[in-house]
Amino acid sequence: MSADPQEVMHLLDGACRSRCAFALMRRPNEDDFTLVAQHAPDAEVLPGVAALAGRSGFAAVPFSVDADCPPVLIHADVTANGREEMAEALAAFAAREPAPQAQPDAATLSAGKEDYMAAFGKAMDALQSRSLHKVVLSRAEVERVPGISPAETFWRACDAYPQMMVCLFHSPQTGTWLAATPELLLSGGAGGWRTVALAGTMPAQEGRFLADWDAKNRGEQSHVVEFMRDTLSQFSDDVQEDGPRVSPAGHLAHLRTDFRFTLPAGADPAALLAALHPTPAVCGRPTDAARALIARMEPAPRRYYSGFFGMLDAAAHSELYVNLRCMEMFADSVVLHAGGGLVRESSAESEWQETQEKMNTLRRLIS
């Protein structure tokens with residue numbers, strides 16, 4: 001007897017209010033979904049990306065590691081495919097104690113346009129002085145959504161964005177996050193690996209994406225491509241590059257260059273992940289200078305936005321994505337995150353509008 005979809009959604013919403021750790025994923029261009037969950041209520045807290053070496057499970061890593069926002073690993077004690085298996089796995093959480101229901105600080109998180117423009121000015125000063133080549137400026141907005149259902153929102157995202165990786169993950173350490181992201185960070189195993197350079201953003205115009213991209217967007221893409229080339233060359237002498245090309249992502253499109261490569265036998269992907277994260281697509285160049293400027297000028301903490309998540313298995317197959325087009329979910333509200341890459345040619349108004357368009361990817365699901 002098949003599980004009732006409404007009952008599955010009820011169980012999933014209950015799990016998001018409980019002290020438990022799980023992740024629900026729908027891979028790009030696939031109909032099936034996978035739930036991974038662990039028996040212990042708390043995810044394993046790790047000191048940094050390098051600590052993922054030799055580990056297996058679902059990893060969630062923040063943009064910047066600190067005591068309040070650590071990398072975590074959810075052990076795949078249970079793996080469920082399909083609604084029946086998923087209902088059985090989620091039912092085990094029904095008797096768990098409820099997790100504390102925090103509320104977002106709207107005054108701190110919802111930076112208005114004036115705050116964004118002030119941060120934009122500081123970023124442009126650094127870019128014009130040539131101390132930075134690129135920096136990614138992000139912002140957050142709190143939206144009140146009484147009675148929001150994480151489960152229903154997950155399935156809406158799957159229907160709306162079939163070409164994206166859709167993921168709902170929850171633990172006492174991370175809270176509840178939903179992402180519909182177009183950006184692969186690292187995927188592969190013994191048979192080979194791949195990653196992408198994804199940067200530059202253009203909205204659809206009358207339902208179509210233009211083939212010609214301006215210098216600003218091409219410059220954003222080139223910074224990420226150069227970073228990928230330099231980083232991958234430190235780990236592999238067999239790197240193949242294909243692109244750039246236009247890659248649709250919902251009502252937006254990006255420039256994308258694909259990289260395929262091999263790693264030496266026995267190599268652990270954690271070292272490469274530590275070198276790749278954060279890429280210039282979410283941070284800037286040079287990395288250290290961009291990250292320092294972001295810490296000073298962004299009014300809202302990024303937390304797991306622009307970090308990465310996904311399945312890690314050093315002995316088999318790993319697949320991890322950058323946490324973009326995402327929101328942190330609370331009982332009656334959500335925090336939307338979005339950012340854009342700034343170069344010397346950037347325009348303040350167009351960059352603000354780009355963050356609006358990116359937030360609309362998930363805002364459409366909760367309207």
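The values are calculated or read from the model by the stated rules, or taken from the named source; none is laboratory data. Keep in mind the model is a prediction, meaning the values are calculated, not measured. In this analysis, Cβ positions are derived from the backbone assuming ideal geometry, glycine residues included, and neighbour counts consider all displayed protein chains. Surface areas here come from the heavy atoms of the whole protein model, side chains and all, with no ligands, DNA or RNA. Shrake-Rupley method; radii C 1.70, N 1.55, O 1.52, S 1.80 Å.
Out of segment 264-288, which residues are open to solvent by less than 30 Å² (accessible area, probe 1.4 Å) and over 17 Å from the mean Cα position of the chain (by Cα)?
Scanning segment 264-288 gives Pro269, Ala270, Leu272.
Is segment 127-139 home to any residue that is in a loop (DSSP other than H, G, I, E, B), open to solvent by 60 Å² or more (accessible area, probe 1.4 Å) and at positive phi?
Quick first cut of segment 127-139, residues in a loop (DSSP other than H, G, I, E, B) only: 129-133.
Next, only the ones that are open to solvent by 60 Å² or more (accessible area, probe 1.4 Å) stay: 129-131, 133.
Filter once more, so that each one left must be at positive phi: 130.
Checked against the condition, which is being in a loop (DSSP other than H, G, I, E, B), open to solvent by 60 Å² or more (accessible area, probe 1.4 Å) and at positive phi, segment 127-139 yields at least one hit.
Between a residue in segment 24-44 that is in contact (Cβ under 8 Å) with a residue 24 or more places away in the chain and over 19 Å from Ala95 (Cα atoms) and any residue that is surrounded by 14 or more Cβ atoms within 10 Å (Cβ to Cβ) and among the aromatic types (Phe, Trp, Tyr), which pairs come within a Cβ distance under 6 Å, given they are 6 or more apart or on different chains?
Taking only residues 6 or more apart or on different chains, the pairs are Arg26/Phe33.
Could you tell me which residue of segment 8-38 is nearest to the chain's Cα centre (by Cα), considering only residues that are of a type in the set (A, V, I, L, M) and open to solvent by 20 Å² or more (accessible area, probe 1.4 Å)?
Met9
So Thr153 clears everything in (1) open to solvent by 50 Å² or more (accessible area, probe 1.4 Å); (2) modelled with pLDDT of 95 or more except one condition, right? Which one?
For Thr153, the failing item is (1).
Using the structure shown, decide if Ala60 is more than 19 Å from Leu324 (Cα to Cα) and either within 18 Å of the chain's Cα centre (by Cα) or not charged (D, E, K, R) (or both). Give the derivation first.
On the way: more than 19 Å from Leu324 (Cα to Cα): no; either within 18 Å of the chain's Cα centre (by Cα) or not charged (D, E, K, R) (or both): yes.
When the stated conditions are applied, Ala60 does not pass them.
With a cut-off of at least 3 residues that are farther than 19 Å from Asn323 by Cα, name the strands (runs of 3 or more DSSP E) lying wholly within segment 141-243.
Of the strands (runs of 3 or more DSSP E) lying wholly inside segment 141-243, those with at least 3 residues that are farther than 19 Å from Asn323 by Cα span 192-203.
Please verify whether segment 50-67 includes one or more residues that are at pLDDT 95 or above, in contact with a Lys or Arg (Cβ under 7 Å, 6 or more places away or on another chain) and not small (Gly, Ala, Ser).
Yes.
Check whether at least one residue in segment 344-351 is open to solvent by less than 40 Å² (accessible area, probe 1.4 Å), touching an Asp or Glu at 6+ places or on another chain (Cβ under 9 Å), assigned to a helix (DSSP H, G or I) and over 30 Å from Ala80 (Cα atoms), and report yes or no.
For segment 344-351, residues open to solvent by less than 40 Å² (accessible area, probe 1.4 Å), touching an Asp or Glu at 6+ places or on another chain (Cβ under 9 Å), assigned to a helix (DSSP H, G or I) and over 30 Å from Ala80 (Cα atoms): absent.
Within segment 148-160, identify whether any single residue is out of contact with any helix residue (DSSP H, G or I) (no Cβ under 8 Å at 6 or more places or on another chain) and touching a residue at least 40 places away in the same chain (Cβ under 8 Å), and answer yes or no.
yes
Looking at segment 250-272, which of its residues are of a type in the set (A, V, I, L, M) and part of a strand (DSSP E or B)?
Within segment 250-272, the subset of a type in the set (A, V, I, L, M) is 252-253, 255, 263, 265, 267, 270-272.
Within segment 250-272, Leu252, Ala253, Leu255 meet the criteria.
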